[in-house]
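Take a look at the structure below.
What follows is calculated from the coordinates using simple rules that are stated; it is not laboratory data. Model, not experiment: these values are computed from the prediction. Glycine gets a Cβ as well: all are built from the backbone with ideal geometry, and neighbour counts include every protein chain shown.
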Amino acid sequence: METKEKDLKQAFYAQPFLKIIGAWPILIESSLSSKIQKWFIISFSISLQMCIVVPCILVMFLKEKNGRRKINLFMLLTNILNQVFKYVITLNRANELRIAIHEIKKDWLTATPEDRFIFVTNSRIGQRIMLIIAVITYSSGLGYRMVLPLLKGKIVLANNVTIRLLPCPTYFTFFNELVSPYYEMIFMLQILAGVFVYTVLSGTIGISLMLSLHMCSLLKILRRKMIDLADGSITSENTMQKRIVDIVEYQTKIKRFLGNTELITQYFCFYEISCNTCLICFIGYCIILEWENSNVVAIVVHFMLLGTCILVTYIVCYIGQLLIDEVVQTALLQSRVIIYFNMNLYFQSNNLARTCITLNWYHFPTRKARCLILIIIMSNYPVKLTAAKVVDVSLTTFTDVMKAAMSYLNMLREVI
């Protein structure tokens, strides 16, 4: 049991990120102090973002007249608001996430050694992807918020007015944000707000990754159960009946877990894909502007941001593609009877298909072979992630996002 508990910690690689911002579900029977601490973190996080967003909006609409600079501001606001929306969704889906975590724990603790090996293998893949995302996100994001303003230093205007740049432009009517100690306080608050944004990004992708890879593990186990059913070693009709019932119940479990996962992740995927389409366009435009100004440091930082956006979009789509590929390997049965029943069915994946197609159905007693019809019918319903049911999350969507972003960039260059 200790080994199982130790292995289980590998499954929740999104937990450290979400705990920092108070978004990881706590137990219903948790102490009052834990609940107060959680809501204090949530209130502070949202208030901190509003302190950045509201002045930035005021600058954009009341102070800034340059169209090109407005593009830069809009890019910043788009990213911040996207992460705030995802944060609110995470808090709103706390019950669903708590149920999913409970299901994952139960699966890990009751798994056979063979099944646990599948869980551990997929969780290690998730940990590596999570580490890559976190390192790139924090380095590029903090580079944008810290390196650029500090390297540009103080700017002296023609009327002998000195300007010190902030990570996010602000507009305050009650005090001058460019004089000490206000400048240092606002600078630190904006850095802290940036850490929040990058933590939300890493945490929400971690949730999607954790749930999707667990579902991939369940599908692999389902395939193994189906292969064991038809390996010819079962001679007892009663044993075969139990195996078929187990497979049908396992398919039902996977469908239920998918429904819960969809409730949690669909808007994460939607906001991430739609927001990153705009961000790739805007960052590309900023790179062109900095290239014209021969600002090498800004070009490097913006290229890092562009690479981060593309990588995050790719990872989100890759998560969905992993699931589709796993289903494609889990579904159809090799036999005239099964092919006959599957002729009019549409399968989103070829892997549940391949396993079912290779089942030696002719080893089954006639009455038990008919039970496979229920397995076939359940396999007909696709197991996949969607972005708010608008588009499927897959690598095909990633190519569409890149095409759309490049098209918008060309339009932006022509208009501004």
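A few notes on this one:
- Stretched out straight at 0.36 nm per residue, the stretch from Val54 to Asp246 would grow longer than its current Cα-Cα span by 63.6 nm.
- Residue exposure sequence - Phe74, Phe40 - by fewest surrounding Cβ within 10 Å: Phe40, Phe74
- By the count of neighbouring beta-carbon atoms within 10 Å, fewest first, Met210, Met50, Met402 end up ordered Met50, Met402, Met210.
- Asn95-Ser47 FRET efficiency (beta carbon distance; Förster radius 22 Å; 0.05 resolution): 0.35
- For region 57-134, a Kirkwood radius taken over Cα pairs fed into Stokes-Einstein (4 °C, viscosity 1.567 mPa s) yields D = 78 µm²/s.
- Max-minus-min Cα coordinates of region 178-234 on each principal axis give 81, 9, 7 Å, with the largest extent listed first.
- Long pairs among Lys6/Lys35; Lys106/Lys384; Lys35/Lys225; Lys70/Lys154, criterion Cα-Cα beyond 31 Å: Lys35/Lys225
- Extension gain, Val195 back to Lys255 (0.36 nm per residue minus Cα-Cα distance, nm): 18.0 nm
- Note on Thr121 and Glu184: with the Förster distance fixed at 41 Å, the Cβ-Cβ geometry gives a FRET efficiency of about 0.25.
- Chain lengthening between Ile163 and Val415 when straightened (0.36 nm per residue, less Cα-Cα): 87.7 nm
- Here Ser407 and Glu29 are evaluated by their C-beta separation; at R0 = 56 Å the FRET efficiency comes out at 0.60.
- Proxy reagent accessibility, fewest Cβ within 10 Å first, across Asp115, Asp400: Asp400, Asp115
- For region 69-210, diffusion coefficient by Stokes-Einstein and Kirkwood Rh (Cα), 25 °C, 0.890 mPa s, µm²/s: 133
- Seen from Ile273, the other residues with C-beta closer than 14 Å to its C-beta sum to a net charge of 0, counting Lys and Arg as +1 and Asp and Glu as -1.
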